[in-house]
Amino acid sequence: MVQEMSVRHEELKEALNKPSPYGPDLDLSSYLTETGGRPEEPGQEVSSVGLDPRGEGRAGSFMQVDHSALYTQIQKMYEDSLEIMSFEEAVKKHDWLQEYVWKAVDPAADKYTAFTALHGKGGYFIRVFEGKEVALPLQACLYLRTGNLLQAVHNIILMERDSSAQLLTGCLTHPQVERGLHLGISEFYLKRGAKLTFTMVHHWGPKVDVRPRTGVVMEDESTFVSNYIALTPVASLQAYPRVRMVGRKASAALNSIVYGKGASQYDLGGWIEMVGPSNRGEILGRTVTAEESKVTMRARITSLGGDNVGHVECNGLMLSPQSEISAVPELLSKSSTSTLTHEAAVGKLNEEQVIYLMSRGLGRKEAEDLLIRGFLDVRILKLPEFLQQQVERIVQLAMGRGL
C-alpha cells in the first residue's frame, strides 16, 4: 500500500507540468500559495452571487475565505437531515469517505487537479441523509480575498438514496483583488432516487483565472440539474464537467448562462455519458459576447446503453465584431435504440426588433438591453421559485438594472 501511494505521488508530481487540452495554460508558480493569517469575514458583497451572509432562509451554510473555512451552520430543523463541514474535517471524521475521494475526478488529469490533490486547502463536504428532503436551499461560498493568491479547494457532495436538495454556490473575489487563481474540484455522488439542483454563480475579477474540475456519478432514477451563471468579466475560465450515468432511468441537465465582457476568455460546456439504459441528458447554453470577449461552448453527449435520449442546444449572441463565439456540439451513440440531437446558432441582435421597441418609446440602449435580458432569460433553467427570484435579481444587477 505504501508503495502504491508513493507511485501515485510521483504521478501527481509529473502531472504538475501537464496543461489542460483546453483554455490558456497558466504558470502556477506565479501565484502565492500562503496568506498572512486568518482573513476577515466577507460582508454584503456576497449578495452579488445570491448568498445571504447571515444564512437566513437557508437550510445550511458553508463559508470559506482564501484557505480558511470561517464557519458552517445548519438550521436546527435540518440537523437530522444533513451534514456540512470542511473537506479536511470530513476526511478525518469518516473513514469510509476514501471510497469517494478522487473517484469522480482523476487527480492526474492536468496540473490543476494535481496541484489540488497535493497542496489543496479547504472546500466543503455536504451529505444529505437517506430519504431526507431538504426544502430550503443550502448555500456555500468560496471567497478569494488575498491578491495574487492560488485558492485550491476540494468539494464533495453526497446525496444518499431518495434524498433531495438545492445547493447554491457563490464564488467571488474581493473588489480590490485584481489577479488570482481559483481551482475548484467538485465531486458529486447521487445514489438511487436522489435529486439535486446545483446552481453556481461566479463573480470574479477581470484578471482572475478560474479552473473548475467537476465529476458527477449518478445511480438509478437519480436527477441532477446543474446551472452555471457568469455575468461579469474574468481573465479566463475553463470548465468541462463530466456526468456519468452508471444506472438506469436517470436524468441530467447541464445549463449555462454566460455574458462575456472585456477581454474575458471562456471555454466551457460539459459531457454527459449515459452508460446505463433509459437515461435522459440535456446540455443547454446561452452566451452573449461583448467587446473583445471570446467564448467556446463544448457540449458532448454519449450513449453506451440502450433507449437513451440526449439533446444539445447552444445559442450565442454577438454584440461586438471584436468578440468571438465557437459552438462545438458532439454526439456519440453506440446504441441503435438511443436518440441524440443537437442545435447550435450564433448571431446578432435583430435590428427590426430593436427598431420596433424604439418605436414604442424606448431608447436604443434600453431596447438592446431588453432583448439581451430576454435572450438570457433564467426561466430556461427551470429553477425552484425561491432560487428563480435570487437568480433574476443577480441578472438585473449585472445588467446595471439593480433594484
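Structural remarks
- Placing a pseudo-label 7 Å from each Cα along the Cα-to-Cβ vector at K365 and L118 gives an inter-label distance of 4.9 nm.
- Answer label, with Rg and Dmax of the Cα atoms in Å calculated from the coordinates and candidates (i) 23.9, 106; (ii) 21.9, 71; (iii) 20.8, 75: (iii)
- Extended-chain gain in nm, criterion 0.36 nm per residue less alpha-carbon gap, K103 and V91: 2.9 nm
- At R0 = 22 Å, FRET efficiency that the Cβ-Cβ distance of A135 and E56 yields, to 0.05: 0.90
- Per-residue ellipticity at 222 nm, computed for the chain from helices alone with -39500 (n - 2.57) per DSSP H run of at least four residues, works out to -5000 deg cm²/dmol.
- Using θ = phi - 60° and Karplus 6.51 cos²θ - 1.76 cosθ + 1.60, couplings along segment 85-91 (whole Hz; Gly, Pro as x): 6, 6, 4, 5, 4, 5, 5
- Measuring between alpha carbons in the structure, the pairs from K191/K249; K191/K334; K92/K132; K132/K195 lying more than 19 angstrom apart are K191/K334; K92/K132.
- Near V295, the amide H atoms lying under 5 Å from its own belong to Y266, E324, I325, S326; only residues 5 or more places off or on other chains count, and H is placed 1.01 Å from N.
- Candidates M85, M159, M358: whichever shows maximal mean-square fluctuation once the chain is modelled as a Gaussian network with Cα springs under 10 Å: M358
- Most mobile listed residue (S163, S81, S251) in the chain, GNM with C-alpha springs under 10 Å: S81
- Under the criterion of Cα pairs below 8 Å and six or more residues apart, the relative contact order for the chain equals 10 percent.
- With neighbour counts taken as other beta-carbon atoms within 10 Å, the residues D369, D25, D220 rank, fewest first, as D25, D369, D220.
- For the chain, excluding the exposed loop sites themselves (GluC sites (Glu not before Pro), DSSP loop, at most 16 other Cβ atoms within 10 Å), the longest remaining stretch covers 179-290.
- Per-residue ³J(HN,Hα) for segment 340-354, Karplus 6.51 cos²θ - 1.76 cosθ + 1.60, θ = phi - 60°, Hz, x for Gly and Pro: 10, 9, 8, 9, 8, 8, 10, x, 10, 4, 6, 5, 5, 5, 4
Every number here is computed from the coordinates shown, using simple stated rules; none is lab data. The model shown is predicted, which means the values in this text are computed figures rather than measured ones. Cβ sites come from the backbone with ideal geometry, for glycine too, and all protein chains shown count toward neighbours.
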